Structures are given as C-alpha cells and as structure tokens.
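All of the numbers you see were taken from the coordinates with simple rules; none came from a lab. Because the structure is predicted, anything quoted here is derived from the model rather than measured. Note: ideal-geometry Cβ built from the backbone for every residue, glycine included; neighbour counts use all protein chains shown.
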C-alpha cells in the first residue's frame, strides 16, 4: 500500500515538472522562426528526393521499380509549390482583391494543392501495398522509398506553409 502511494506522489511530481518548462523562454523564436521553418522544410523536401534517387539507382530495372511511379513524387512537388504559392493573407482576403478570382481563387488554388498533396500520399501508400507488399515481392524497398518520398515532401510542405509567420514580412 505504501509503495502505491509513493508511486502516485512521484507521478504527480513528474507531471508538474513538464508544466514548469517553457521552451519559448530558452529560445527566441521571433526572428528565427521563418529561417528555422524554411530550413526544416528544405531538409524534408531534400530527404524525400534523396530517398527516391537512392532507390532509382539501386533498382534501375523496370521490373524492380516501375518508372511510372515517379509521377507520384513529381505531382507531390507541384502540390508543394501550389500550397506555398498562396499566402495566408490572400486566403483570408487581407487586402487581396486582384487576380483571377480574388480571395475565392486563392482558396480554390490552395484546396487543389492540398488535394493533390493528400492524393499523392494516398497513392504512394497504394503503390507500396498494392505494388509490393500484396504481390509478395521479396524486395519492397522501392515501394517504401516512394512512400517516404511523398511523406517527406508532404510534411515539408506543411512545415513551410504553417511554420512561417507573415508578420515578419511587413
């Protein structure tokens, strides 16, 4: 009984430990936020393409890595560019009324970019499981590489879109 009480007290002490930690006091994110988000996004994007280039070099034959699977990464890259071509201010409509459709056009463009991005992530899962795992192929690394390429590009796009702040641009 005594052991249970002390464990409960220790557990309460540990939960309060993380409440008192504040990372924002240790690091000034204000001026470095855009830089850190941009570098992190670039590293994720680069890693995705590096993985698929590695798979293409290791498995050059059509039977090992179907070359049409590269279209998934190309579309993910286009989606990355589409998502980040529209600023948050344009989506909100802050002083943006020009262009083809104005605020509505910016929202449609962003929506299509996210749809392409999610679509390529789902397609890469389908390629992994449908093209490699379900067929019982002994070498599944090309399918894994395609999935991770699209996952890294997807998360790189999210970091670049939502990790930066537009307040520092003004």
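Remarks
- Binned Cα-Cα distance frequencies in segment 33-164 - 10 Å width, integer %: 13, 37, 28, 15, 6, 1
- Counting other Cβ atoms within 10 Å as a rough exposure proxy, the listed residues 52, 153 run 52, 153 from fewest neighbours to most.
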